[in-house]
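Report on the following structure.
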Amino acid sequence: MIYKNRKSRPIGAVAALCACVTLGMGSADANNAKLSLVDPNFVFVAERERFVEARKALASGSVEEFDRLYASLEGYPLQPYLAQEKLFRQWGKDRPDSQSIAELEAFAKEHDQNHLVRKLTRRLQNRFADTEQWQSFLRVSNFRRATSMPCTEIRAKFELGQLKKFDQTSLDLWLKPKKHPEMCRDVLAKLEVASTLSVINIWEKIYAAMEANKPEFAEPLLNYLASADRAKVRRWIESVKKPQSFLLSDELAKDTVLNRRIIAHLVVEWSREDTTAAMNHWLSIRDDYVFFSDRYYNTHRAIAMRSAYRRMPEAQEWLYTFKAKPEDLELQEWRIRTALLAEDWQAILRGIKELPIEEQQEDHWAYWEARALQRLGQPAEAKAIYEELAELQSYHGFLSADRLERDYLIYDDPFVVDRGLLDEVAAAPELIRAREFHFAELPHESRREWNSWLSDKSADELAAGAVLASHWSLYDRAIFTAGKTEQKRAISVRFPVLYRPEVAKAAAKHRIDPAWIFGVMRRESAYIRDIKSGAGAVGLMQLMPNTAKYVAKLQGDKNWRGDLTNASTNINFGAFYLRHVMDKFEDHQVLATASYNAGPHRIDKWLGNRTQDADIWIDTIPFTETRRYVRAVMAYAAIYEFHLTGESSRLSTKLRPIPASPDV
């Protein structure tokens with residue numbers, strides 16, 4: 001069996017890393033060829049400076065200076081951005097009018113950069129809404145690159161007398177159990193009064209509130225219901241936080257649609273507080289009702305999966321008390337993980353064999369197949385799998401090499417790029433703009449341009465793009481682009497060693513392994529210095545602002561107001577926090593790594609009632625993100641250790657047994 005990510009050619013001994021790129025010619029000529037590529041330090045230098053000055057002039061209100069600089073940038077790839085920025089600011093300052101629409105249309109006709117047109121169109125939509133110019137808002141909303149704004153469109157049509165009762169769009173919004181923006185909240189309320197709602201509409205919204213676990217959105221509908229239904233729905237609303245009393249009463253004994261919906265919702269809610277009691281009740285009553293198959297499946301699955309996430313010993317049995325849907329891969333995988341927690345090696349093998357064949361070939365399941373075979377007295381079969389996996393440059397590949405006591409096969413396999421293709425890719429307008437935005441300190445715009453180029457590119461084009469990004473110092477785009485190729489061993493591109501002085505200083509100061517810092521940084525941000533996650537984490541090591549303040553306070557600065565996009569600050573704070581969680585978990589690098597991602601409080605909950613092998617614990621972490629994170633960081637640290645020292649210590653030496661919970 002050939003496991004995924006395995007190289008197809010024979011592999012020799014560990015080779016030294018090579019930072020060169022082969023450009024479709026002899027490798028001896030590679031570095032000279034590389035020097036002939038476009039060097040950002042010698043192209044558009046003066047234009048780039050004037051672009052920056054033009055933006056400063058615009059920001060300060062120096063219109064004449066801006067216009068002079070703008071005119072001098074004819075032909076510069078970023079000149080359209082300045083035109084867009086001027087209109088964007090102008091419409092924010094002044095009340096837009098019909099002339100603004102004409103300016104938008106002219107800009108769209110002159111420039112083919114869809115992103116800028118969309119940005120300006122959205123700006124004008126918002127400004128017409130802010131100034132309650134509803135006819136103009138609707139006109140712009142019909143443009144091809146307009147943003148869908150259903151809530152605002154409803155308000156506009158209502159104000160213009162075009163919407164007096166629910167249409168399909170407004171009805172769909174009303175049915176959603178969510179707090180709508182103030183822009184349309186009162187309009188929906190007025191439409192509800194003016195419309196004749198059907199019984200189906202009322203129940204659809206009540207059931208949607210059940211599905212979303214938001215009973216507050218069902219409460220206003222009680223007066224639409226007949227007295228008996230009203231009483232039962234009210235009882236459901238009152239029971240959501242303490243459902244057991246209602247579930248155990250005789251009020252839900254009759255097999256009706258409403259009772260089934262209430263039972264299915266409340267038994268899952270009960271499992272939040274007492275998973276065992278909820279599952280036992282569900283098992284005792286589920287056959288007394290004729291549930292729709294999907295509702296039956298989803299209810300049982302929700303409780304059983306909650307028991308698995310909570311690492312409950314009953315989970316392994318409960319996950320097998322119903323038939324898994326073939327497409328429900330998550331459930332099938334958690335059957336294996338619960339068997340791992342129980343170290344039920346026969347069940348592990350059985351569960352792996354039940355996976356789709358392509359999933360069985362994933363290196364993590366292949367590793368556990370080998371571990372199970374080894375524990376069941378089949379060492380030859382286990383060794384054969386380990387030997388294939390040991391060729392991989394991955395977490396489970398490294399663990400397999402440890403099992404065989406072999407060196408890790410870490411080496412650089414540079415991209416081989418045709419020179420003509422590289423020149424062609426380097427001339428792509430999106431990539432030129434990406435380069436210029438990068439050097440003009442507009443990294444977000446740079447990434448957006450680069451990403452817009454990536455779609456539908458061949459493997460060779462992606463390889464050329466990765467080489468080009470690295471040459472232009474767009475290291476995060478080089479990593480991102482290289483990751484889309486099958487060449488996982490292009491280490492010099494995929495794992496660059498950046499911010500070396502800052503990392504060395506922080507590692508020495510906080511007494512931690514610099515390779516670990518690099519591994520965390522590479523996984524957290526891929527070296528995007530200004531990145532901000534949806535949760536609010538900032539910078540290279542993705543620190544939450546509150547965590548940064550906590551770290552600053554621990555370091556003696558109670559009123560810290562620094563910048564987390566500053567590389568030195570971010571790396572220092574991140575390294576300090578790594579040391580902090582290392583101290584909390586008694587220098588256990590696995591627990592500290594998981595804690596950095598998920599928080600120390602969760603790690604405490606994930607410790608079991610007995611000591612466990614670290615590889616079992618890691619691969620049964622309840623959060624998919626954290627499970628993948630720990631594996632990636634440990635593997636990346638091994639690669640960076642090789643980068644820094646020329647060799648890697650064994651991963652297994654860092655995977656100390658996971659201690660039992662102190663509460664046991």
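Read the figures in this text as sums done on the coordinates, not as results from a lab. Predicted model, so just to flag it, every value in this text is computed and none were measured. Note that we place each Cβ from the backbone using ideal geometry, even for glycine, and neighbour counts take in every protein chain shown.
Descriptive notes on the structure:
- Cα Rg over Rh - the range 89-248, Kirkwood: 1.14
- A full extension of the chain between residue 441 and residue 43 corresponds to an added length of 141.7 nm, given 0.36 nm per residue minus the alpha carbon distance.
- Along each principal axis, Cα extent of the range 200-264, largest first, Å: 29, 22, 17
- Potential lengthening of the chain between residue 559 and residue 105 amounts to 158.5 nm, from the contour at 0.36 nm per residue minus the alpha-carbon distance.
- Candidates 454, 90, 366 compared by Cα position along the dipole of the chain: farthest toward the positive end lies 90, with charges placed on Cβ.
- Rounded to the nearest 20, the size of the Cβ-charge dipole of the range 500-653 about its Cα centre is 420 debye, with Lys and Arg at +1 and Asp and Glu at -1.
- Here r is the Cβ-Cβ distance between residue 387 and residue 473 and R0 is 51 Å; the resulting FRET efficiency, rounded to 0.05, is 0.80.
- Two-site label geometry, residue 213 and residue 500: point separation in nm, points 7 Å out along Cα→Cβ: 5.0
- Listed by Cβ neighbour count within 10 Å, with the fewest neighbours leading, 541, 521, 305 appear as 305, 541, 521.
- Ordering 493, 38 from the fewest to the most neighbouring beta carbons within 10 Å gives 38, 493.
- Net length gained if the chain between residue 130 and residue 292 were fully extended (0.36 nm per residue, minus Cα distance): 53.6 nm
- Net dipole in debye of the chain [+1 Lys, Arg Cβ; -1 Asp, Glu Cβ; about Cα centre; nearest 20]: 1480
- Packing-based exposure ordering (other Cβ within 10 Å, fewest first) of 62, 148, 245: 148, 245, 62
- Label point distance in nm, residue 451-residue 234, each placed 7 Å from Cα along Cα→Cβ: 5.0
- With each label modelled as a point 7 angstrom along the Cα→C-beta vector, the residue 645-residue 182 pair spans 5.9 nm.
- Sequence-distant lysines (8 or more away, or on other chains) whose Cα lies within less than 19 Å of residue 164: 190
- Using a Förster distance of 22 Å, the FRET efficiency for residue 661-residue 242 (Cβ separation, nearest 0.05): 0.20
- Extreme residue, positive dipole direction of the range 90-207, given options 162, 142, 180 (C-beta unit charges): 180
- Using bins of 10 Å that start at zero, the share of Cα-Cα pairs per bin across the range 500-653 amounts to 11, 42, 36, 11, 1, in whole %.
- Gyration tensor (alpha-carbon) shape descriptor, the chain, a/c threshold 1.5: oblate
- Of the residues 54, 285, 397, the one whose Cα sits farthest toward the positive end of the charge dipole of the chain, with +1 on the Cβ of Lys and Arg and -1 on the Cβ of Asp and Glu, is 285.
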